[in-house]
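Here is the structure we will look at.
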Amino acid sequence: MHHIPTARRPRALDDVPGWFQPVDQDLFGVLIEATGPEPGDLAEMGCYLGQSAILMGRHLGPGDVLTVCDLFGDETHGSYSRRGTLAYYRKRLTRDAFEANYLAFHEELPRIVHGRTVELAEELAAKSCRFVHIDASHQYEDVSGDIDIARRALRPHGIVALDDYRTEHVPGVAAAVWEAVFTKGLRPVCVSPAKLYATWGDPGPFQRALRGWAAERTDRTVGEDTIDGGTVLRIAPSKLPPPRGARRVAQELLPPVVLRAVSKALP
Ligand SMILES: C[S@@+](CC[C@H](N)C(=O)[O-])C[C@H]1O[C@@H](n2cnc3c(N)ncnc32)[C@H](O)[C@@H]1O
């Protein structure tokens, strides 16, 4: 039996361990809301200790169902694709820990599929979902299959969020993501440093929602790119402005040639 430390009851999302960046927390909110107002379910492949699932649960409308799927660090319900993955998640992940975290923020648990994500092919009804987060196995074959499951489960104007689409130690995720864009009709909406968001519908309304949201925020920047004729937004945290007084300190300390270069860089 593995020793799992008893965690304190989390109060804020950032008290829950995970990798869910603030900019992606924002993007989940904006994009899930933009899939409304018609009802529709949400699904997550790979929920770990609940950080992203808890946020998704905040966007459920009346009658909407959130389904999460995970192996929860044990292999009685299927096996991990890599031995090292089981060893890693066994250390701190249990279904009990996920449930305790989720219930610290919501009155009811989501629907839990305890097993491999392939089971979602049966568990999620066709065209039932408006948002699916793919963040389970990071092996090419698994992610490619997860994208196919999401495509069937999503309604036409739903969103799929793909984690680690450009992370160097998991190149198979990038392979599966771009395969879907070039051979399965998936259309990118935007990218953040960690995730790519896409749809099998029209990216335009989602991009308008994102621009409207970003216009109100000084701490987020929006860039624009074109991939194969389609617009893709790039959304990232803004670089912090230099501290006040930086120009004066530079004037006092730096030789003129360096000062000219620094001054150009300062707002
Ligand atoms: C990166 S974590 C998910 C993080 C979570 N979405 C968050 O933001 O906090 C990946 C999760 O996927 C699960 N997982 C890995 N391979 C899986 C598979 N084939 N089927 C189901 N779950 C899997 C792991 O147990 C782990 O909890």
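The values are calculated or read from the model by the stated rules, or taken from the named source; none is laboratory data. The shown structure was predicted, so the numbers you read here are calculated from the model rather than taken from an experiment. All Cβ positions, glycine included, derive from the backbone under ideal geometry; neighbour counts span all protein chains shown.
Remarks
- Considering region 159-181, the residues that are touching a Ser or Thr at 6+ places or on another chain (Cβ under 9 Å) and surrounded by fewer than 17 Cβ atoms within 10 Å (Cβ to Cβ) include one that is nearest to D228 (Cα to Cα), namely E179.
- Verdict on T67 being farther than 21 Å from K184 by Cβ and within 13 Å of the ligand (Cβ to nearest atom): yes
- Residues that are surrounded by fewer than 16 Cβ atoms within 10 Å (Cβ to Cβ) and more than 7 Å from the ligand (Cβ to nearest atom) within region 75-91 comprise E75, T76, H77, S79, R82, R83, G84, L86, A87, Y88, K91, listed in sequence order.
- Any hit, region 22-38, residues being touching a Cys at 6+ places or on another chain (Cβ under 8 Å), at pLDDT 95 or above and not in a helix (DSSP H, G or I): no
- Scanning region 125-145 for residues that are out of contact with any Lys or Arg (no Cβ under 8 Å at 6 or more places or on another chain) and of a type outside the set (G, A, S) returns F131, V132, H133, I134, D135, H138, Y140, E141, D142, V143.
- Whenever a residue of region 110-126 is free of Cβ contacts under 8 Å to residues at least 40 places away in the same chain and away from the ligand (no atom under 11 Å from the Cβ), its partners that are assigned to a helix (DSSP H, G or I) and among the aliphatic types (A, V, I, L, M), lying with C-beta atoms within less than 6 angstrom and at least six residues away or across chains, give the pairs A121/I149.
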